[in-house]
Ligand SMILES: [Fe+2]
């Protein structure tokens with residue numbers, strides 16, 4: 001068995017299609033998370049600048065391709081995830097094609113910058129390029145720790161109709177939250193998985209507590225033929 005084999009999520013295909021997102025308890029075990037945390041911290045130390053998507057005092061983000069996971073020593077721990085059969089089968093079912101790929105894995109650690117910002121990706125939006133993403137919390141994410149947030153189904157449907165009908169704002173697709181009951185902020189224990197289609201209205205969580213959020217994200221999509 002792979003060190004990082006994931007919980008079977010194939011039962012959730014319909015739910016993700018229906019609601020745009022799904023929280024999965026214990027997508028990884030506590031032991032897997034501890035091991036991933038250790039290896040991620042090591043990768044943050046060893047990775048070259050070119051692997052960093054973001055590197056500030058408050059946010060560190062590494063991006064890793066399958067090729068890099070196979071060939072770079074300190075990224076090898078991600079190989080199992082790129083080859084995770086259960087995960088890949090979910091993605092194939094979801095998109096209804098065998099031609100899918102895990103385009104990148106992101107490793108990110110975020111902490112409180114001391115100021116609340118109101119810009120993308122911390123505003124509700126939906127993405128121009130469609131991906132199915134699987135986010136895994138490697139540390140506890142409680143209130144104030146910046147859990148990813150979604151518009152609930154009913155509001156999401158309405159928002160997308162409105163936004164898509166107004167051609168002039170299609171570039172950004174940003175909306176203001178006027179009612180907290182219309183959104184769902186995902187909090188959870190280490191190992192919690194969040195599957196979401198980027199066509200659901202969503203926003204990245206900002207850390208407002210003293211905890212350092214550590215997240216692994218797997219981006220998948222139908223293969224782009226070259
Ligand atoms: Fe986004």
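Only the coordinates and a few stated rules stand behind these numbers; no lab work does. Please read these numbers as outputs of a predicted model, since none were measured by experiment. Here Cβ is always computed from backbone atoms with ideal geometry, including for glycine, and neighbour counts include all displayed protein chains.
Here are some notes:
- Rounded if a/c under 1.5, otherwise prolate or oblate - the stretch 43-110, Cα gyration tensor axes: prolate
- Relative contact order of the stretch 83-184, defined on C-alpha pairs under 8 angstrom at six or more residues apart (%): 31 percent
- Residue order, fewest to most surrounding Cβ atoms within 10 angstrom, among 202, 125: 125, 202
- The stretch between residue 120 and residue 174 holds 18.6 nm of extra length on full extension. This uses 0.36 nm per residue minus the Cα-Cα distance.
- With the simple spin-label model, which puts each label point 7 Å out from Cα in the Cβ direction, the residue 97 to residue 59 separation comes to 3.0 nm.
- C-alpha center-to-center spacing [the stretch 191-210, the stretch 31-62] in angstrom: 18 Å
- Per-residue Cβ neighbour rank within 10 angstrom, fewest leading, 220, 56, 201, 29: 56, 29, 220, 201
- Every helix of 4 or more DSSP H residues in the chain counts as -39500 (n - 2.57), and over all residues that averages to -7500 deg cm²/dmol at 222 nm.
- With an a/c value of 1.5 or above and a/b larger than b/c for the gyration tensor axes a ≥ b ≥ c computed over the alpha-carbon atoms, the stretch 121-186 is described as prolate.
- In plain terms, the chain from residue 17 to residue 157 could stretch by 49.1 nm, reckoned as 0.36 nm per residue minus the Cα-Cα distance.
- Label-point gap, in nm, between residue 38 and residue 208 - each point 7 angstrom along Cα→Cβ: 3.5 nm
- Calculated FRET efficiency for the pair residue 70/residue 189, C-beta based, R₀ 35 Å, to 0.05: 0.70
- Using a simple spin-label model with pseudo-atoms 7 Å out from Cα toward Cβ, residue 143 and residue 164 lie 3.6 nm apart.
- A Förster radius of 22 Å combined with the Cβ-Cβ distance from residue 48 to residue 83 puts the calculated FRET efficiency at roughly 0.35.
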